[in-house]
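S.K.: Dropping the structure in here first, questions after.
Where a number appears in this text, it was derived from the coordinates with a stated rule and is not lab data. Treat the numbers as computed from the prediction; the structure is a model and nothing was measured. Ideal geometry is used to build each Cβ from the backbone, glycine not excepted, and the neighbour counts take in all protein chains shown.
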Amino acid sequence: MSRARWTITLLVLVGLAALVGWQRHRERQMNACLSEGRAWNGPLSRCEAPRMGPILRRSLERS
């Protein structure tokens, strides 16, 4: 293989490793969020208080 092919192969492997690492990090964040009883907001990549609609909220307040 030529030097250019080795370079491209290495760059692709580094990119894949970075994506796998990022995915594992995100999954750990999601699991930590859910174990705290909170809700994961995927598009914003953050942990938030769980959203309750008005019907569910009234039902919980009556109990």
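S.K.: Under a plain spin-label model, where a point goes 7 Å from the Cα along Cα-to-Cβ, how far apart in nm are M30 and R5?
M.R.: 3.7 nm
S.K.: Give me a comma-separated list of calculated 3J(HN,Hα) values for segment 9-21, in order, Karplus coefficients 6.51, -1.76, 1.60 applied at θ = phi - 60°, integers in Hz, x for any Gly or Pro.
M.R.: Couplings: 4, 4, 5, 5, 5, 5, x, 5, 4, 5, 5, 5, x Hz.
S.K.: Follow-up question, since we're still on this one. Cβ under 14 Å from L19's Cβ, L19 left aside: what net charge do those residues give with Lys, Arg +1 and Asp, Glu -1?
M.R.: Value of the local net charge: +1.
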